[in-house]
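Below: the structure, in structure tokens.
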Amino acid sequence: MLQLVDAAMTLALLAAADASAMDTDATYGRIDGDSALAVSVGAAIDVRGVRGALDVRYRYIQSAGLFLTYEEGFGAGAEPMRLGVCGLELRPLFLLRFLQGQELGIPRLDLLIDSIAVELGPFVAQPTGGNFGDVIGLSLGLGAELPLLPRAKGPFIAVRAALRWSREALSAADTTSVDVRAFVVTVAFGWQGIFGSGVVDLR
């Protein structure tokens, strides 16, 4: 009888150890696939109004990827009325921290830190009374995503900030005389899915 109790206790301890190991898995599902697709909707806010924002991002190994953002003013007086941005996103912290064993073991906090991203790309915009594409320029942004679940796959809240310069501002000798710069903050709710694209396994 005592042997059965000892065996049961041993099995329980092993199961608990396995569960603990799973809980401290510092990948949090990020390497379940080599690629990720994140879609979010929210609001882009600057001093000239609020626009609705739709954002789609592809990420490779949660480290680098492409993004496409569309902002629509819906005739509410925002300036510009609508805008589109595409470009590159770089998340330098994930592989750096993970490969060096620097994850904290707190899923949401680790995922938040590793999600800090720099993004860069061109934009096209439609000013009030103009056509889409009348204003073009460059956008430089910084963002992060807070997961609502303790894993990479699933819903998240994103906060992004971007500085945008039009072509005129980039080429002007005195940028203070050109009113074509903007600072935009976007708050959005989204979902990230992770999948295998077969890019690594070329068999």
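What follows is calculated from the coordinates using simple rules that are stated; it is not laboratory data. Owing to the predicted nature of the structure, the values given are computational and were not obtained by experimental measurement. Positions of Cβ are backbone-derived with ideal geometry, glycine not excepted, and every protein chain shown enters the neighbour counts.
Overview of values
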read-out	value
Förster-model FRET efficiency, 22 Å R0, N131 and A43, C-beta, rounded to 0.05	0.35
Unit Cα scatterers, Debye sum, the range 73-116: log10 I(q)/I(0) for q = 0.16, 0.18, 0.23, 0.27 Å⁻¹	-0.58, -0.62, -0.76, -0.92
Per-selection metrics, the range 46-132 (Cα): Rg and Dmax in Å	17.0, 54
Peptide ranges 55-62, 123-130 listed from the most packed, as the mean C-beta count within 10 angstrom indicates	55-62, 123-130
Selected from G87, A117, G101, residue furthest toward positive end of dipole (the range 59-133; charges at beta carbon)	G101
Compactness of the range 30-195, expressed as Rg and Dmax over alpha-carbon positions, Å	17.0, 54
Highest-first arrangement of 27-33, 72-78, where packing means the average Cβ count within 10 Å	27-33, 72-78
Hydrodynamic radius of the range 27-69 per Kirkwood, over alpha carbon pairs, in Å	11.9
Label-point separation, D25 to A76 (7 Å along Cα→Cβ), nm	4.0
R181-I157 FRET efficiency (beta carbon distance; Förster radius 25 Å; 0.05 resolution)	0.35
Cα-centre dipole for the range 30-195 with unit charges at Cβ (Lys and Arg positive, Asp and Glu negative), debye to 20	300
